Amino acid sequence: RFCVSNGCFMLSIVQIFLYLGDLEISNTNKKMAYILMWMGLVGSFFLSWVGAICDDSTEPSCDGNNTIHTTCAVLFFILYDIKMILTATVLDKSNNDIVLAIIAIFSLLARTKVYEYVLHVPLVTSDWALACFEWTNVTIIVLWTLRQLQAKCAGLCWYFGKFDEAVTTSIIWEKDTATATKITVIFYLATLIFTALLGLLFGYLPVTPHTLWYISDMWAYVPGNWISRWAVVLGAHFGLLAVAGVMADTQNSFRKKLLGLAAFGLFGLMIVGVCNENENITIHTTGAMIFFLSFDIYIIGTLLSLRNHHTEKQNQQEYQKLFILLFPGIIALLSHTLRILAVFPSLDPLLEWSDALAIIYFLTLDVQTYPNTCSDSGLALTRLSSSTKSPNSLKEHLLLV
C-alpha cells in the first residue's frame, strides 16, 4: 500500500511531463494531448485505490473488497492502454511502441496455448492466465512510459527550492509552499472528519458507548480503513512539500535538522495510515511513535531556537512568532506528555485528538510566519536552458527527473 500510493503520486506527476512533451510535437492535436493527460491522471487515481482497497474481504490483514479492487484495476488498465494506443495512432504516429506492446500481449497468449499442446500440460487456470496478462500489461505500461519520457521530455525537469530570478524565467508550472500547506491541512482535517462520520454511520463508532474514540479506531474497520490508506499518504506528500519548501529557504543548519525531523514524522504518519492496529499493532504503533515523537522534538527545537534568537537580537517580529507558536506547541507537548505518563487514562482519546490537531496547527503557523518562504519557494516544472547539457541516456534522464 505504501509503495503503490507513492508510486501513483509519481505516476500522476509523470502525466504532466508527457503532456508537455506531446505539445512539442509538430502539428500536435492540443485537445487530444490534454485529454490523454487526464486519462493518465484518472488512471493513476484508480490505481491508487487498488493499493488502498485489496481484494479479500475475509482476510483480516486485507479487509478489502474484491469488486471495488477489481473495478479500479480494470479501469486503470483500460484508461492507460487506450492512452498508449491513441498516443501512437492519433497524437504521434511516428512512435511504434504501442505496436510492440500489442504484439507482446498477443504473443504471450499464443505461447500459453503452445505450452499446453506441445508439452501436453493440463489446461492452466483462468487465474494463472489473468496473472500473466496483468504482469505483462504492467511491464508494458512501465516500459512505454519510460520510453515516452526519454523521447519527449529531455528538456524538462522538476525544480524544488527558492524561486530566484534564474529559475523564474524557465518555470512552466509551479506550486508554492503556501499552496502545499493549505492542501495538507485540507487532507488532514477532511480525513479525520470523514472517517469519523463513516464510523458513526456504519456503527463501529463509538467503540465504547458515550465515550470519545481514538483516532486509530476510525481507521481499523471498513470503510474508514480504505480512506486512511489512501488519503493519509497523499496528504503527507503535500506536507512533505510544505516542510521541504521551508527547508529550502532557510540557511540555519539547526532549523533544517528540525524540519528534517518533521518530514520524518510525516513518514511515520504514512505508516499509521497504511497499516491499522488490527493488521499489525507493532508496525502501526511504531509509525505513531515516529509521528508524535518527531513532531515533539521539532516543536521543542523550534520554540527554543526562537527564544534563543530573541535573547540576542530582541527582535519584536520574532517575539510575535514565538507568541503565535507557543499556544499550539504547549498543547501538543502537554497532551503527549500526559498520555505517556498515563496521568489521566480516561482522557487518553481526548489527549490524542488535541495532540494531533495541535501538531497540524503548529506546522501551519510555522510555515505562515515566513511569508516570503510561502510565496517564493516550492515545487516547479522548468525547462532546461540552452546552456544546460541535456541528458543523452535514459539513465541520465531518470536521474534528472
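Identify, from the list Ile271, Ile183, Ile283, the residue that is open to solvent by 10 Å² or more (accessible area, probe 1.4 Å) and without any contact (Cβ under 8 Å) to a residue 40 or more places away in the chain.
Ile283
Every residue, every condition in (1) at pLDDT below 95; (2) touching a helix residue (DSSP H, G or I) at 6+ places or on another chain (Cβ under 6 Å); (3) crowded, with 21+ Cβ neighbours inside 10 Å; (4) not polar (S, T, N, Q), yes or no:
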residue	(1), (2), (3), (4)
Ile193	no, no, no, yes
Leu198	no, yes, no, yes
Gly203	yes, no, no, yes
Thr211	yes, no, no, no
Met218	no, yes, yes, yes
Ile227	no, yes, no, yes
Phe238	yes, yes, yes, yes
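If only one of Leu266, Leu258, Leu304 is within 20 Å of Leu326 (Cβ to Cβ), open to solvent by less than 20 Å² (accessible area, probe 1.4 Å) and part of a helix (DSSP H, G or I), which one is it?
Going through Leu266, Leu258, Leu304 in turn, just one is within 20 Å of Leu326 (Cβ to Cβ), open to solvent by less than 20 Å² (accessible area, probe 1.4 Å) and part of a helix (DSSP H, G or I): Leu258.
Which residue, of Thr89, Thr70, is of a type in the set (S, T, N, Q), open to solvent by 40 Å² or more (accessible area, probe 1.4 Å) and within 24 Å of the chain's Cα centre (by Cα)?
Numbers: Thr89 fails: within 24 Å of the chain's Cα centre (by Cα).
On inspection, the qualifying residue turns out to be Thr70.
If a residue counts only when it is touching a Leu at 6+ places or on another chain (Cβ under 8 Å) and modelled with pLDDT of 70 or more, which helices (runs of 4 or more DSSP H) contained entirely in region 342-401 have at least 3 such residues? Explain how you work it out, then say what you get.
Working: elements: 348-368, 371-376, 394-400.
Counting at least 3 such residues, we get 348-368.
Quickly run through region 130-165 and pick out the residues that are open to solvent by less than 30 Å² (accessible area, probe 1.4 Å) and assigned to a strand (DSSP E or B).
Answer for region 130-165, where residues must be open to solvent by less than 30 Å² (accessible area, probe 1.4 Å) and assigned to a strand (DSSP E or B): Leu156, Cys157, Gly161.
For the subset of region 1-57 comprising residues that are open to solvent by 40 Å² or more (accessible area, probe 1.4 Å) and hydroxyl-bearing (Ser, Thr, Tyr), which member is farthest from Thr67 (Cα to Cα)?
Only one residue tops the list, namely Ser26.
The values are calculated or read from the model by the stated rules, or taken from the named source; none is laboratory data. Please read these numbers as outputs of a predicted model, since none were measured by experiment. Cβ atoms come from the backbone with ideal geometry, glycine included; neighbour counts cover every protein chain shown. Remember, those area values only see protein heavy atoms, side chains included, never the ligands or the DNA or RNA. Shrake-Rupley method; radii C 1.70, N 1.55, O 1.52, S 1.80 Å.
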